[in-house]
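Derivation of every value follows stated rules applied to the coordinates shown; laboratory data play no part. For clarity, every value in this text was computed on a predicted model and none was experimentally measured. Glycine also receives a Cβ, built like all others from the backbone with ideal geometry; neighbour counts cover every protein chain displayed.
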Amino acid sequence: MFWFALAVNTIAITVLSYVLYFRRHGRRDLLLAYVALNTGIFAVVSMLTSQEVGLAVGFGLFGVLSILRLRSDLISQGEIGYYFTAIALGLVNAVAAPMPWVLLGLDALLLTCMYAADHPRLLARHGRRVLTLDVVHEDPVALRQDLEARLRARVRRVEVTEVDYVRDLMVVDVRFRVPGPVSAPADGRGYQRGLGLAPLTEWMSGR
């Protein structure tokens, strides 16, 4: 069953790293990291399961390596999600090798969750920015109005993370929602009425 689990793990990490992650985010360095991490975990855990060494030793080792890896580079929260999914795939495929249906079901569950959670159309109009403003707002209402004018979006939450009165600037963490596109009228009559041209057009057509 080892070779079957290896084949399934290879297909799963290919789907995760290339089909889902690289085609959406385009970072080749992290694609290599996900593949190497997943393959290494699968190989080592497969060896541990065939020996007398307890699995707790392997899980603890990879937990420490994961923390060190996350501290060594700045990656986004979404990329951390892919990172831990790559770890989970390697562990699942190595431990559940004697149970092929469980293996396939858990792989499908992990990949489906990542496909849906990171889909570009999911909450596409919601965003987050960390902005440095060249003005210090004491009034929260004025701060919100300034941010909405700059972002051209509806601000849902603002957190002031830094205020510098010497340099007259402030750093804010903003959560916002971009308004949807305004649909154009089906014909030109609404546009003409908005400009006050509809009565003139109707009068000329009746002459």
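Among the chymotrypsin sites (Phe, Trp or Tyr not before Pro) found in the range 111-179, those both in a DSSP coil and sparsely packed, with 13 or fewer other Cβ atoms within 10 Å of their Cβ, are Tyr165.
If R0 is taken as 25 Å, the Cβ-Cβ distance between Arg150 and Gln77 corresponds to a FRET efficiency of 0.60. Under the combined filter of DSSP loop state and at most 12 neighbouring Cβ atoms within 10 Å, the range 76-181 retains these GluC sites (Glu not before Pro): Glu138. The value given for the range 126-177 is a Kirkwood hydrodynamic radius of 10.9 Å, derived from the mean inverse Cα-Cα separation.
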